[in-house]
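The values are calculated or read from the model by the stated rules, or taken from the named source; none is laboratory data. Keep in mind the model is a prediction, meaning the values are calculated, not measured. With ideal geometry, Cβ positions are generated from the backbone for all residues, glycine too; neighbour counts draw on all protein chains shown. Ligands, DNA and RNA are excluded from the accessible area calculation, which covers all protein heavy atoms including side chains. Shrake-Rupley method; radii C 1.70, N 1.55, O 1.52, S 1.80 Å.
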Amino acid sequence: QVHLVESGGGLVQAGGSLRISCVSSARFFSTWNMAWFRRSPGKEREFVARIDGNGDNTDYADSVKDRFTISRDNARKVVFLQMNSMKLEDTAVYYCATSNWNWDTSASAYSHWGQGTQVTVSS
């Protein structure tokens, strides 16, 4: 069983920046693909960004491309999401997810999830 714990959420003004983190308990962390999803009030959970085990490949939703950056530190077993130029519509609970096999933007492809961290963007 892999446990994921997110942190770093909070309140930020529109146009500001925030970095959230996710620590994994996976024994061989570098073999796990990692992703961030988010769920806004009244909306379905949506894909935000993903990164492969070595950090060589990343992918982003169009809505966050050029504003958000996903990265990982395999020695510390942590994945980050740096969020810049934040917008009101970025307000959501952000979830970290991981898969040992799948490289996908669908939530169903990920086997383990964190509890989420709230990010609120104010005007």
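For region 58-123, which strands (runs of 3 or more DSSP E) that fit wholly inside it have 1 or more residues that are more than 14 Å from the chain's Cα centre (by Cα) and crowded, with 16+ Cβ neighbours inside 10 Å? Before you say what the answer is, go through the steps one by one.
On the way: elements: 58-60, 68-73, 78-83, 92-99, 117-122.
Hits in region 58-123: 117-122.
If you go through region 39-54, how many residues are open to solvent by less than 30 Å² (accessible area, probe 1.4 Å) and over 11 Å from the mean Cα position of the chain (by Cα)?
Residues that pass the stated criteria total 3.
Taking the condition of being in contact with a Ser or Thr (Cβ under 7 Å, 6 or more places away or on another chain), within 20 Å of residue 100 (Cα to Cα) and open to solvent by less than 60 Å² (accessible area, probe 1.4 Å), how many residues in region 1-25 meet it?
Number of matching residues: 5.
Based on this model, can you work out whether residue 28 counts as over 22 Å from residue 119 (Cβ atoms), open to solvent by 20 Å² or more (accessible area, probe 1.4 Å) and of a type in the set (Phe, Trp, Tyr)?
Answer is yes for this residue.
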